[in-house]
Structures are given as structure tokens and as C-alpha cells.
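Enquirer: What follows is a structure written as C-alpha cells; I'll ask about it next.
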Amino acid sequence: MIGCCALGALAAEPPKDEARVAEAARELLLQQAEREGWREPQVSLDVRAAGSGAAARCAQPEVRAAETTNPTRMRFELRCADGSTRAFMVRARLSAEVPVAAAALPAGRVLAEDDVVLQRHAVAGSPPPLAAAEDAVGRVARRSIGAGQMLTARLLDEPLLVRRGEAVQIRARRDAVEVVVPGQALEAGRRGQTIRVRNTGNGTVIRARVVEAGQVEPESMLSSPR
């Protein structure tokens, strides 16, 4: 009977300070992985008290993230209602299945499905890798990319959808009315970029946003003659 009661008391004890901090750090990193859309995230942690302070002097201390910019060196605090605190250093490794180059890719290459594979990598730091292979397919390598290198937004450009001198469609929509007129691109552009376009019907030059291959929409309803 004594043994039973002792075990019950032990089970009722609150987690150790290190366990509280580890739980908070793990949750923080998994939330980051969820925001980024990273697949199969895994977290490993090493939690150590900073200094030789005593355990928190309350049953339910508040866990505060003091510094979390670099997952390999984070700082947390346990704070009690009486103002007492205890600091902890956390070294963490967050890994996930992320897109990498299947082989060496030259600058200017438009990535195909076969150019991208998923591999597990540590994802801490900046810039963050893309979340999925489809995020990379169809984009253009800004520079040479090594085999196995994680793919990030900084390494890739959207493809050119409009080239300088090409014929384009200028599509202007207002409410349920859409007007389509022929134009000529005076600048090259990628999706979302604003370029100068000449209306070949009246010679007017407008600024228009690239929306699809060979299609633009006026930045505004105002235009200025050249």
C-alpha cells in the first residue's frame, strides 16, 4: 500500500524544469515548420540550465522564450509569480523533407520535375528552403546550383512570361465587363511584375502587370501617351 501511494505521488509531481523548457522549445519549432509548410518535421533538443541556479520556486512556472532567432542557441526562462526566474540554454535541430537539386543545375535552367527531389535536411537559419517540389518546378535557376543543395526562393526566379517586343493581350476588367486589346511589350516581365506596354491600336503606352504568358492587365485605368 505504501508503494502504491508513493508511486501515485511520484506520478503527480510536475515535470522537471528542463522538461518544461524542452516542451516549449519543441512546440515553437514545430509551429515554425507548420507555417513554412515543411513536411515530416523532426526536432532534437539539448536543454541545459544557464548557471547553477536552483529549480523554479513554484509548481507551475511560466515558460518564456527570451531569444529564439537561432535554433542552435536559444534562451528560455522559467518565471514564477514572485518574480524569481531561472534561465536555460537550448540547442535544437529542426529537420524536414525539403526540395533539393537532384543533380547540378546550371544558371538559367528552367527546373523540371526530374530536377527536384525531397531529402531530409536541417532547416534552421535563413533563407528558408521551399516547402514542396512543385514550388520549384517551372522556376529558373538564378545561378549554378549544386547537386543536393536545398532550393530556396533566393536561388530561383519566376520564368519570363513576356519578352520585350512580343505581342501581348491587354485585358482590362471592370465589374462584369472585360475588354481585350492587342499590345506590344516594351519590356520583359515575370508574373506579377509591372512593365511598359504599347496599345498597338492607338499607340498609347501604359504600365501593365504580367498575369500569364502573353497576357497583361493595366496597372490602373489611367494611361499616358508616349
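The values are calculated or read from the model by the stated rules, or taken from the named source; none is laboratory data. Since the model is a prediction, treat every value here as computed from it, not as a measurement. Neighbour counts are summed over all protein chains in view; Cβ atoms, including those assigned to glycine, are modelled from backbone coordinates with ideal geometry. Side chains are part of the model used for accessible areas, which takes the heavy atoms of the whole protein and leaves out ligands, DNA and RNA. Shrake-Rupley method; radii C 1.70, N 1.55, O 1.52, S 1.80 Å.
Enquirer: Between residue 64 and residue 154, what is the FRET efficiency for a Förster distance of 45 Å, r being their Cβ-Cβ separation, to the nearest 0.05?
Expert: So the FRET efficiency works out to roughly 0.90.
Enquirer: What is the distance, in nm, between label points placed 7 Å from the Cα along the Cα-to-Cβ direction at residue 107 and at residue 31?
Expert: Placing both labels 7 Å beyond Cα along the Cβ direction yields 4.1 nm.
Enquirer: Further question: Considering only protein heavy atoms and a probe of 1.4 Å, how much of the accessible area of the chain is carbon and sulfur, as a whole percent?
Expert: Carbon and sulfur together cover 49 percent of it.
Enquirer: How many nm separate the modelled label positions at residue 50 and residue 179, each set 7 Å beyond the Cα in the direction of the Cβ?
Expert: For residue 50 paired with residue 179, the spin-label model returns 6.4 nm.
Enquirer: Here's another thing I want to ask about it. Using the heavy atoms of the protein chains and a 1.4 angstrom probe, tell me the accessible area per residue for segment 143-202 in square angstrom.
Expert: 60
Enquirer: Match the structure shown to one of the listed values (1) 41, 17, 16; (2) 56, 22, 15; (3) 28, 19, 17 of semi-axes √(5λ) of the Cα gyration tensor in Å, computed from it, and give that label.
Expert: Correct label, based on the coordinates given: (2).
Enquirer: Each residue of segment 23-31 in order: what ³J(HN,Hα) in whole Hz does its phi give by Karplus 6.51 cos²θ - 1.76 cosθ + 1.60, θ = phi - 60°, with x for Gly and Pro?
Expert: For segment 23-31, the Karplus-derived couplings read 5, 5, 5, 4, 5, 4, 6, 5, 5 Hz, x marking Gly and Pro.
Enquirer: Going by the alpha-carbon gyration tensor, a ≥ b ≥ c the square roots of its eigenvalues, is segment 167-226 rounded (a/c under 1.5) or, if a/c is not under 1.5, prolate (a/b greater than b/c) versus oblate?
Expert: Rounded, since a/c falls under 1.5.
Enquirer: While we're here: Could you go through segment 177-188 in sequence order and give the Karplus-derived ³J(HN,Hα) for each residue, using 6.51 cos²θ - 1.76 cosθ + 1.60 with θ = phi - 60°, rounded to whole Hz, and x for Gly and Pro?
Expert: So the J values, rounded to whole Hz, are 9, 10, 10, 10, 10, x, x, 10, 6, 8, 9, 7.
Enquirer: Right, next: Run the numbers for residue 213 and residue 89: contour at 0.36 nm per residue of separation, minus the present Cα-Cα distance, in nm.
Expert: 39.5 nm
Enquirer: Still on this structure, I have one more. From the phi angles alone, apply the Karplus equation (6.51, -1.76, 1.60; θ = phi - 60°) to segment 112-117 and give each ³J(HN,Hα) in whole Hz, x where the residue is Gly or Pro.
Expert: Running phi through 6.51 cos²θ - 1.76 cosθ + 1.60 with θ = phi - 60° gives 9, 4, 5, 7, 10, 10 Hz.
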